[in-house]
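A short write-up of the structure that comes next.
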Amino acid sequence: MARKDLLDIASLHREEIEFLLDQSTSFKKLFTRSVKKIPALEGKSVLMLFYEASTRTHSSFEVAAKRLSAEVTNFDVAHSSITKGESVRETIETLQAMRTDYIVVRHSHPGLPGMIARQTTASVINAGDGAHEHPTQALLDAFTIKEKFPDPRGKRVLIIGDILHSRVARSTSTLLQKLGVEVAYLGPGSLVPKYVPESIRRFTDYEAAMAWAPDVVYLLRVQMERQDVQFFPSVREYHRVYGITTARLAEIRDKGLYIMHPGPVNRGVELCDAVMDYERSLITNQVENGISIRMAVLDWLTPGGDFPKQEAYNAQQKASSPVIVP
Amino acid sequence: MLLLQNARIASENSPVLLESDVLFVEGKIQDIGSGLAVPKGARVIDARGRVLMPGMFDAHVHFRAPGFENKETITTGSEAAINGGVTGVVMMPNTRPAIDSAAVVATVLENAKHRSRIPVYTSGCVTKNRDGKELAEIEGMHRLGVTMLTDDGDTTNDPAVLLRAMQYATEFGMFFASHCEVPELAGPRALNEGVMSYRLGIKGSPACAEEIIIDRDIRLARAAGAHVHIQHVSSKEGMETIRWWKSRGDVKVTAEVAPHHLLFTDEHIGDYDTNYKMNPPLRTQADCDALLEGLKEGVFDLIATDHAPHTPFEKAQDFVSAPNGITGLETALVSLYHFFVRPEKFGWDLVVKRYSAEPRRLMGLPIPTIEVGQPAECILFDTEAETTFTQDFMKSKSQNTPFIDQTLKGRVDLVILGSEILLER
Ligand SMILES: [Zn+2]
């Protein structure tokens, strides 16, 4: 069951998911001990390659790696003027020469971690690639949900917000569906694509979505910086139409729904301040579970050995999908 | 002197292949008939079972010179054309400098004369430096033989600029080739908006970005009394729009379709395979089916490849960073045969009409046929042999094609131009 890389949720098998969630449970037990470190990855090196800023995911991976006794290096992306794909390839060659064991990568271009994975012996973990995938976020979300619903089959999760630009929505919905959870999207028509998979319910009306009777309401961060064009008229209007307002929180409390958010939260946009004190908010649980999930992932992957070079990979892609039969 | 014995002759006018001997003397077709006597000193080739047809003509290629000679040159591009059975091409002007003045046209054509074994024509830009603002030096280019104006690679986005260009250039008998996409809708990434763009997390370009400009440019042409040629149509609705305008008959519209838009869908992009990244993007099976119908019906006057070479280094980047475009000159004819003629979706007559005769008609060039007295410009195609598109096979500087290392049925065996054999396998 060994894998070199974790690039997406789509290709993960159910058994692999169950295994990672189980492992995460074991690792989480360590947290209550006074010595939180174990020597699982002693002598191994983890390289953090973050082309997009992210305090939360970055530090979560760093803590996870250190608790496994790995050495953590930060590749100074910000100061190396690397932004374009061409330079990324040169960086990969450098990284391969450094023989690092793990590369945790975040980049705004979808598919880029996969490209790195095909050209290095290191285990590559996708820490978010554009609007494509964010697999460890999905795993920690599933883990957090399973803590509340040990058998999550048939439970309903309503994901609210900018689906179009959200890798979290894609990865988490894919993973939850693999666990038998029903998923629906809610957001402005300009941000919930018409062509989401048929297995996902699509709402643009808050009342209709609530009538679907979700167990968990999962709020996505409104990424203002990603809005190269205007997708909704104003933040105020967004909060009123799709946000958890004080009035809506009362209804959610009455129904006993859980609230999740991948963070960092825009208060007054996705949710009102009061949500932060809501007893069924799982937002801090998600942060905590991020560490044990990432420990499980690092411990699970097997770096080194042969790596499928880009050329070999291309050939294999071709072989597995013969040109076409019109 | 060259005698081809028992070749099966294809023409645009007949779905039936006529088996016959063909005698070439001094660059002309001297005689056609069965059991022709072998003249003294003639070379004889047994062409039994093989198809003889006029050389193809590609009205949409990028030879990247001047400015991007690392991707392609006029020499490598025209050799690629010959390799694919193509004996004439029209280059697009999105070079650096752009082909937007008489001076650049003169240089390019001079180069072509010395560096190519086949006729290479060029189109000229509608606007200076293709920036969509000021009209290019249109009459100057026309004097050097340019008839097609296009800002290909982009739409001439300001309709007022394009309308003025149309009003001006039509007076010289020039016509406009339109790359159709609203840039504000299409965005920078060449991927169809749909299930696949959602899955890959790339904001897609909706088909309406193409439909709007197709309609707009035909309306502008109608207003200006111009001839507009719609390039590389990718969508069903785009095809329908052209069909509707053609049925009205009050504006001169021609259109082209590329083999890759008939053959591939966005599903082929799979795990970010950049050999399927092109502009306009690959769409859905329904679009492919509609485009094929449009081709058979004649909504599309011609097939053109949009041969767009890029270096391996550029294409080996991630999907977002990699440039748009695939090469097509070397794979077009074989793939048309393999996927359409062989399974009898259409006949050789359509191939000859749409990929040899019509593009030359568009350019106002003489049309080669396999008839007595005609200049020799033809190819011999083996329908039973195979072609494997290896790196060694390819003559283009770049091999960015989904067909790389694929084997297809059919092979271009012989390319004859005048008294020369340009290619023989
Ligand atoms: Zn174009």
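The values are calculated or read from the model by the stated rules, or taken from the named source; none is laboratory data. All values reported here derive from a predicted model rather than from experimental measurement. We place every Cβ from the backbone using ideal geometry, glycine too, and count neighbours over all the protein chains shown. Calculation scope for accessible area: heavy atoms of the full protein, side chains included, ligands and nucleic acids excluded. Shrake-Rupley method; radii C 1.70, N 1.55, O 1.52, S 1.80 Å.
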Legend entry - Flag if B:Arg199 is more than 16 Å from the ligand (Cβ to nearest atom), within 14 Å of chain A (Cβ to nearest Cβ) and farther than 26 Å from B:His307 by Cα: yes
Inset, instruction - Report, by residue number, each residue of the stretch B:228-242 that is in contact with a helix residue (DSSP H, G or I) (Cβ under 7 Å, 6 or more places away or on another chain) and surrounded by fewer than 21 Cβ atoms within 10 Å (Cβ to Cβ). - result: B:Lys236, B:Glu237
Inset, instruction - All but one of (1) open to solvent by less than 30 Å² (accessible area, probe 1.4 Å); (2) at pLDDT 95 or above hold for A:Asp254, so report the exception by its number. - result: (1)
Inset, instruction - State all residues of the stretch B:275-310 that are of a type in the set (Val, Ile, Thr) and open to solvent by 20 Å² or more (accessible area, probe 1.4 Å); if no residue qualifies, say none. - result: B:Thr284
Legend entry - Close pairs (9 angstrom Cβ cut-off, 6 or more residues apart or separate chains): away from the ligand (no atom under 16 Å from the Cβ) and of a type in the set (Ser, Thr, Tyr) in the stretch B:148-175, open to solvent by less than 10 Å² (accessible area, probe 1.4 Å) and in a helix (DSSP H, G or I) anywhere: B:Tyr168/B:Ile138; B:Thr170/B:Ala221
Legend entry - Only listed residue being within 14 Å of the ligand (Cβ to nearest atom) and within 14 Å of chain A (Cβ to nearest Cβ), chosen from B:Ser234, B:Ser205: B:Ser205
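Whether any residue in the stretch B:72-83 is within 18 Å of B:Leu414 (Cβ to Cβ), open to solvent by 20 Å² or more (accessible area, probe 1.4 Å) and out of contact with any Ser or Thr (no Cβ under 7 Å at 6 or more places or on another chain) is what I want to check. Before you say what the answer is, go through the steps one by one.
Within the stretch B:72-83, the first condition is being within 18 Å of B:Leu414 (Cβ to Cβ), and the residues that meet it are B:78-83.
Among the residues that remain, those that are also open to solvent by 20 Å² or more (accessible area, probe 1.4 Å) are: B:79.
Then drop every residue that is not out of contact with any Ser or Thr (no Cβ under 7 Å at 6 or more places or on another chain), which leaves B:79.
The answer is yes; a qualifying residue exists.
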Legend entry - Hits in the stretch A:209-225 (condition: out of contact with any Ser or Thr (no Cβ under 9 Å at 6 or more places or on another chain) and open to solvent by 50 Å² or more (accessible area, probe 1.4 Å)): A:Ala211, A:Ala213, A:Met224, A:Glu225
Inset, instruction - Being open to solvent by 10 Å² or more (accessible area, probe 1.4 Å) and more than 14 Å from chain B (Cβ to nearest Cβ) is the filter here, so list the residues in the stretch A:96-142 that pass it. - result: A:Gln96, A:Ala97, A:Met98, A:Arg99, A:Thr100, A:Asp101, A:Thr121
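Residues of the stretch B:312-329 being part of a loop (DSSP other than H, G, I, E, B), open to solvent by less than 20 Å² (accessible area, probe 1.4 Å) and within 22 Å of B:Ile269 (Cβ to Cβ), which ones? Reasoning before the result, please.
At the first step, the residues of the stretch B:312-329 found to be part of a loop (DSSP other than H, G, I, E, B) are B:316-329.
After this cut, where a residue has to be open to solvent by less than 20 Å² (accessible area, probe 1.4 Å) as well, the list is B:317-319, B:322, B:325-329.
Residues satisfying the conditions are B:Gln317, B:Asp318, B:Phe319, B:Ala322, B:Gly325, B:Ile326, B:Thr327, B:Gly328.
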Legend entry - Restricting the stretch B:176-194 to residues that are acidic (Asp, Glu) and buried (at least 24 other Cβ atoms within 10 Å of the Cβ), the residue that is nearest to the ligand (Cβ to nearest atom): B:Glu181
Inset, instruction - Could you check, for the stretch B:61-72, whether at least one of its residues is within 14 Å of chain A (Cβ to nearest Cβ) and either away from the ligand (no atom under 16 Å from the Cβ) or among the β-branched types (Val, Ile, Thr) (or both)? - result: yes
Legend entry - In the stretch A:159-192, the residues that are open to solvent by 10 Å² or more (accessible area, probe 1.4 Å), closer than 19 Å to B:Val195 by Cβ and not hydrophobic (A, V, I, L, M, F, W, C): A:His165, A:Arg167, A:Arg170, A:Thr174, A:Gln177, A:Lys178, A:Gly189, A:Ser190
